[in-house]
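Working notes, beginning with the structure itself.
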Amino acid sequence: MHLIPLPALADNYIWLLHDEDGNAIVVDPGDAAVVEHALTARRLTLQAILLTHHHHDHIGGVAALRARHGVPVYAPVDERIAEATEQVRDGDWVELASPRVRFEVLSIPGHTLSHIAYVGAGLLLCGDTLFSLGCGRLFEGTPAQMLASLDRLSTLPGETLVCGGHEYTEANGRFARTIETANPELQQRLLEVAELRARLQPTLPVALADEMATNPFLRVDADAVVEWCRQQGAGHDRVARFAAIRTAKDGFHG
């Protein structure tokens, strides 16, 4: 299976997966033209669309793609996703014959209440819940919900490739190093990210193990993160620590 991040809109990634026979699926196609160009350039046939949540920059191209290709659209149970043909819930499986893939559906509320992820083929297709060195804003959910969702994703195998929905890694990294100033793994990741972006290359996908070692939102129990939160008056429990980090990130302009 080939995995390709397609840059779209301002900073989105549409994830394209295809097999050797030219069968493809796309995840969160916010821009139909980007997908059509990739399909044509690679001589691929679109077989399915997977959606993680209802935001327009993730579903804006679905209607046009479905009109042209007539493929099934898998999506969370959410009336705001009008183009869904297959609504999926936590614990469901999405199984396709072409390309031959099997994804487990995980409910991961926080960014939105109906947000889901797809896990399979060594991939975590997680929309706007988990980014490299960051996580999504809490537009609908609570800190407790988002932390529980991230805790759940943290239990996946370390080699799982995180396929987030945006190229936010540089900005996230500038914030992350204010939390853990002496984390050597974070410093190394920042060097790698700077090199990739200088060459206009994506910083995703990234191994979950690397995120566990560097992403402050996955490290609310790490000593340095606990100490930072304590200095903010929020060191007493995990949810409070997560909320303090998320609030600080929301106001960060570094």
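I'd like the residue in the stretch 157-184 that is within 27 Å of ILE4 (Cβ to Cβ), crowded, with 18+ Cβ neighbours inside 10 Å and among the hydrophobic types (A, V, I, L, M, F, W, C) and, out of all such residues, is nearest to the chain's Cα centre (by Cα). Taking the candidates together, the pick is CYS163.
Of the residues making up the stretch 140-167, just one is small (Gly, Ala, Ser), over 23 Å from ASN12 (Cα atoms) and not in a helix (DSSP H, G or I), namely GLY158. Considering only the stretch 5-17, I want to know if a residue exists there that is assigned to a loop (DSSP other than H, G, I, E, B), buried (at least 17 other Cβ atoms within 10 Å of the Cβ) and in contact with a Leu (Cβ under 7 Å, 6 or more places away or on another chain). Looking through the stretch 5-17, none of the residues is assigned to a loop (DSSP other than H, G, I, E, B), buried (at least 17 other Cβ atoms within 10 Å of the Cβ) and in contact with a Leu (Cβ under 7 Å, 6 or more places away or on another chain).
Limited to the stretch 112-128, what total is found for residues that are free of Cβ contacts under 8 Å to residues at least 40 places away in the same chain, within 20 Å of LEU3 (Cα to Cα) and in a loop (DSSP other than H, G, I, E, B)? Residues flagged as free of Cβ contacts under 8 Å to residues at least 40 places away in the same chain, within 20 Å of LEU3 (Cα to Cα) and in a loop (DSSP other than H, G, I, E, B) within the stretch 112-128 amount to 1. GLU170 - would you say it is under 30 Å from ALA121 (Cα atoms), part of a helix (DSSP H, G or I) and out of contact with any Asp or Glu (no Cβ under 9 Å at 6 or more places or on another chain)? Spelling it out, GLU170 is indeed under 30 Å from ALA121 (Cα atoms), part of a helix (DSSP H, G or I) and out of contact with any Asp or Glu (no Cβ under 9 Å at 6 or more places or on another chain). Being buried (at least 18 other Cβ atoms within 10 Å of the Cβ) and either at pLDDT below 95 or of a type in the set (A, V, I, L, M, F, W, C) (or both) is the filter here, so list the residues in the stretch 97-129 that pass it. Result: VAL101, PHE103, VAL105, LEU106, ILE108, ILE116, ALA117, VAL119, LEU123, LEU124, LEU125, CYS126. Which residue is surrounded by the most Cβ atoms within 10 Å (Cβ to Cβ), if the candidates are limited to the stretch 208-252 and must be of a type in the set (Gly, Ala, Ser) and within 22 Å of the chain's Cα centre (by Cα)? Among those that are of a type in the set (Gly, Ala, Ser) and within 22 Å of the chain's Cα centre (by Cα), it is ALA244. Filtered by the rule that a residue be free of Cβ contacts under 8 Å to residues at least 60 places away in the same chain and charged (D, E, K, R), the stretch 211-254 gives ARG219, ASP221, ASP223, GLU227, ARG230, ASP237, ARG241.
The values are calculated or read from the model by the stated rules, or taken from the named source; none is laboratory data. Keep in mind that this is a model prediction, so the values were computed, not measured. Please note: Cβ atoms are built from the backbone with ideal geometry, for glycine as well, and neighbour counts cover all protein chains shown.
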